[in-house]
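The values are calculated or read from the model by the stated rules, or taken from the named source; none is laboratory data. Since we're looking at a predicted model, the values are computed, not measured. Every residue, glycine among them, receives a Cβ derived from its backbone with ideal geometry; neighbour counts consider all protein chains shown.
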Amino acid sequence: MQLFDRTLLRRRRDRAAPGFSAHDFLIRHASEDLAERLMAVNRSFPLALDLGAHQGALSYAPLPEDKIGAIVETDLSPAMLSGPEQKVRQKARPLRLAADEEALPFAEESADLVTSLLSLHLVNDLPGALIQIRRILKPDGLFIGALFGGETLSELREAMSLAEIECEGGLSPRIAPFTEIRDLGGLMQRAGFALPVTDADKLTVRYATPMHLLNELRGMGETNMLSERRKTPLRRATLMRMMEIYREKFSDPDGRIRATFDIHYVTGWAPHESQQKPLRPGSAKTRLADALGVSEKPAGEKSGPSEE
């Protein structure tokens, strides 16, 4: 099933490209977090791939010049890749390549590092994309990704749903379903990653009005890309009612409205024999009871009555 219209996604990113730098604060936030994670790894990466890079996320992350060697940036939208030049922190300028995360054109075991910031939430086959990424990594290569999570735009989703039910008598698909963090670890293991780690970062952003939020999403290239979306324009009455509901339910005392962006991070390594592995069952040399300083009881044994 094709949940997302990837052709429409490319067109939306093409449209957003000229002004994207005014709306890229989430990409920049994720790139700063990415830099912190990479600095915690005591090694350098000669060749890195940045998938769905927009106008360059990894290349302007605050990293020392010797942390990453060559960078290849890909995006579904050639216009987005060729947008305004960002300040590149590495010595060599990145190589830019129009490519789809659903069909990556890279050889197996060719990259030391793969990153993807806020793009993989719009692929139709996330498990398949993760498998491709793991195969591209050299043994002991690192993948770090950031995806929008389940609470993203929860306020807009609720306000739009209530407005459509009230004004049009039904719902239409308007906001993409996002992954839950409890599922990402399992997806990483299914894709063959070793030592997978997941965590979340929830941001609350305030806007003057709901229309300012909608304009921000348009500037990000993140408007409705669902294949089953309604093909007719949103009715003006429904839009106005949505904004009323949004202000009623999700505004602060100063009148500004809140919008949640839930970012889930995943980290995993391509398997290698040097990595830590769990011990075999029964190989422990110290009893847990001794470590805790308690008496050991056989399984199923019940404690007797307490003595007074």
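In summary, strands (runs of 3 or more DSSP E) completely within region 1-103 and bearing 1 or more residues that are crowded, with 17+ Cβ neighbours inside 10 Å and at pLDDT 95 or above occur at 45-51, 68-75. Listed here are the helices (runs of 4 or more DSSP H) enclosed by region 155-270 that have at least 3 residues being in contact with a Phe, Trp or Tyr (Cβ under 8 Å, 6 or more places away or on another chain) and among the β-branched types (Val, Ile, Thr), and there are none.
The set of residues in region 107-140 being part of a loop (DSSP other than H, G, I, E, B) and either surrounded by fewer than 19 Cβ atoms within 10 Å (Cβ to Cβ) or hydroxyl-bearing (Ser, Thr, Tyr) (or both) consists of ALA107, GLU108, GLU109, SER110, SER119, ASN124, ASP125.
Each row is one residue, and each column tells you yes or no for (1) within 22 Å of ASP262 (Cα to Cα); (2) more than 13 Å from the chain's Cα centre (by Cα); (3) in contact (Cβ under 8 Å) with a residue 24 or more places away in the chain.
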{"position": "HIS54", "(1), (2), (3)": "yes, yes, yes"}
{"position": "ALA61", "(1), (2), (3)": "yes, yes, yes"}
{"position": "ALA70", "(1), (2), (3)": "no, yes, yes"}
{"position": "GLY83", "(1), (2), (3)": "no, yes, yes"}
{"position": "GLU108", "(1), (2), (3)": "no, yes, yes"}
{"position": "LEU120", "(1), (2), (3)": "yes, no, yes"}
{"position": "ASP125", "(1), (2), (3)": "yes, yes, no"}
{"position": "ILE136", "(1), (2), (3)": "no, yes, yes"}
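Quick one: in region 174-203, of everything that is polar (S, T, N, Q) and over 30 Å from LEU239 (Cβ atoms), which residue is surrounded by the most Cβ atoms within 10 Å (Cβ to Cβ)? In this case the residue turns out to be THR198. For region 223-238, a residue qualifies if it is free of Cβ contacts under 8 Å to residues at least 40 places away in the same chain and either under 21 Å from ILE263 (Cα atoms) or of a type in the set (Ser, Thr, Tyr) (or both), and exactly one does: THR232. In region 208-231, the condition of being of a type in the set (Ser, Thr, Tyr), surrounded by fewer than 20 Cβ atoms within 10 Å (Cβ to Cβ) and modelled with pLDDT of 95 or more is met by at least one residue. Which of the residues spanning region 152-173 are within 28 Å of THR115 (Cα to Cα) and either β-branched (Val, Ile, Thr) or crowded, with 18+ Cβ neighbours inside 10 Å (or both)? Across region 152-173, the qualifying residues are THR152, LEU153.
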